[in-house]
Amino acid sequence: MPALAVLIVIVIVVAVALYLRGRGGVSQSFSTPSARELSEVDFKVEGATAHVYFDTQVPDAGADDMLTSLIGREAMRIFEGKASHLPLTEVRNVAAHGRQAGQPILVTTVPVRAPVEMDHLDAPTDADFILAGDVTAESHDPLGALHDMEFGRGGGYTGGTDELAPLSQELQIPAKVIEAVAGPGGTMLGMRLEDLITGLLEAAGYAVVEQADGTKHASKGGMTSYLEFVEHVPGSHPELDERSIDGFIMRFMGSHADRAMLFTAKYGPYAIYEKERRNDKVMFMTRERLQAFVDSVAMV
């Protein structure tokens, strides 16, 4: 085909696309980019509203404030990621949907460029956030997602008192997660970190088995994770100590597990970043990182 004819065809295609974009009330659907950090979600635009559909299960009583805020924030971040390369300048609202009784249900609508109501949480960076989209309890792998995250440095212990508040007072846990771990009418108050994390993993579909030495293995989808837990004893130093860090890595090397994660109610010292850099199979889920894990499980 002559070059002039090719140019004319291209001009016609572009003109048609611009015409359709400018028509009011025309529904637009876009596929999700294949970036590793984005999970697939259903996404479409109708008029001035972008709709994001998650497979997140919404309780029969509806989503509480924490789950509503989490879903709204994730929907907004997905929208912002798409807006960087798609023609979405006319969108004014982002509608976030979950699933209830097998059907999509609107959870919240967030105005574009307006902050989501999550003042009680530190908003993570785009690199830090887990986007849990078109997944099910069978396929969702929070431990794998956490291993892929770049948490950055900082946000840990800043000195002062050695006393730490109970995790139940610091973590923002949606009601559906509390019920999955503690049962109907249950509470996280007084619950040990190990019991909390084990309950969350089992709620996410992991088979958690205690080993003879008191450590645990969590298995799902053909992957086995070696787990250790370090509680914070009142009066002890609020940062994870070097002996616990090195011992955890050594024990993991003899466990034959695919990856390893240490959960602790203590803050993480600078040394953990170097350990993770040298061995990408280990991850330290310290106090300042635990909210990300809770959020990932809540999105199932």
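Can you tell me how many residues within the range 81-96 are surrounded by fewer than 23 Cβ atoms within 10 Å (Cβ to Cβ) and in contact (Cβ under 8 Å) with a residue 40 or more places away in the chain? Please lay out each step first, then the result.
Going through the range 81-96, the residues surrounded by fewer than 23 Cβ atoms within 10 Å (Cβ to Cβ) turn out to be 81-93, 95.
The next check asks that each one be in contact (Cβ under 8 Å) with a residue 40 or more places away in the chain; those that pass are 81-82, 85-88, 90-93, 95.
The number of residues fulfilling the criteria is 11.
Any chance you could count how many residues in the range 45-79 are among the acidic types (Asp, Glu) and in contact with a strand residue (DSSP E or B) (Cβ under 9 Å, 6 or more places away or on another chain)?
So the first thing to find is which residues in the range 45-79 are among the acidic types (Asp, Glu), and the list is 46, 55, 60, 64-65, 74.
Checking which are in contact with a strand residue (DSSP E or B) (Cβ under 9 Å, 6 or more places away or on another chain) leaves us with 46, 55, 60, 74.
Looking only at that region, the number is 4.
Do you know which of the residues in the range 168-179 that are crowded, with 19+ Cβ neighbours inside 10 Å and aliphatic (A, V, I, L, M) is farthest from residue 295 (Cα to Cα)? Write out each step before concluding.
Filtering the range 168-179 for residues crowded, with 19+ Cβ neighbours inside 10 Å gives 173-174, 176-178.
Within this subset, residues satisfying the condition of being aliphatic (A, V, I, L, M) are 173, 177-178.
Details: 173: 8, 177: 10, 178: 12 Å.
Result: 178.
Provide a single number: the residues in the range 224-243 that are surrounded by fewer than 19 Cβ atoms within 10 Å (Cβ to Cβ) and in contact with a helix residue (DSSP H, G or I) (Cβ under 7 Å, 6 or more places away or on another chain).
Number of matching residues: 2.
Which one of these does residue 176 not meet: (1) in a loop (DSSP other than H, G, I, E, B); (2) charged (D, E, K, R); (3) under 26 Å from residue 107 (Cβ atoms)?
Of the numbered conditions (1) in a loop (DSSP other than H, G, I, E, B); (2) charged (D, E, K, R); (3) under 26 Å from residue 107 (Cβ atoms), the odd one out for residue 176 is (1).
Name the single residue, out of those in the range 76-111 being among the hydroxyl-bearing types (Ser, Thr, Tyr) and at pLDDT below 90, that is farthest from residue 42 (Cα to Cα). If you could, list the steps in order and put the result at the bottom.
Applying the first criterion (among the hydroxyl-bearing types (Ser, Thr, Tyr)) to the range 76-111 yields 84, 89, 108-109.
Those still in the list that are at pLDDT below 90 too: 84, 89.
Details: 84: 18, 89: 19 Å.
This residue is 89.
Of all residues in the range 236-272 being closer than 19 Å to residue 164 by Cα and hydrophobic (A, V, I, L, M, F, W, C), which is farthest from the chain's Cα centre (by Cα)?
Out of the qualifying residues, it is 240.
When residue 132 is evaluated against the numbered criteria (1) surrounded by 14 or more Cβ atoms within 10 Å (Cβ to Cβ); (2) at pLDDT 85 or above; (3) small (Gly, Ala, Ser), which criterion, by number, is the only one it fails?
Only one criterion in (1) surrounded by 14 or more Cβ atoms within 10 Å (Cβ to Cβ); (2) at pLDDT 85 or above; (3) small (Gly, Ala, Ser) is unmet by residue 132, namely (2).
In the list 264, 224, which residue meets the criterion of being closer than 29 Å to residue 68 by Cα and in contact with a His (Cβ under 8 Å, 6 or more places away or on another chain)? Before you say what the answer is, go through the steps one by one.
Values: 224 fails: closer than 29 Å to residue 68 by Cα.
Only one candidate passes the filter, namely 264.
The values are calculated or read from the model by the stated rules, or taken from the named source; none is laboratory data. Computed from a prediction, not measured in an experiment: that's the story for all the values here. Here Cβ is always computed from backbone atoms with ideal geometry, including for glycine, and neighbour counts include all displayed protein chains.
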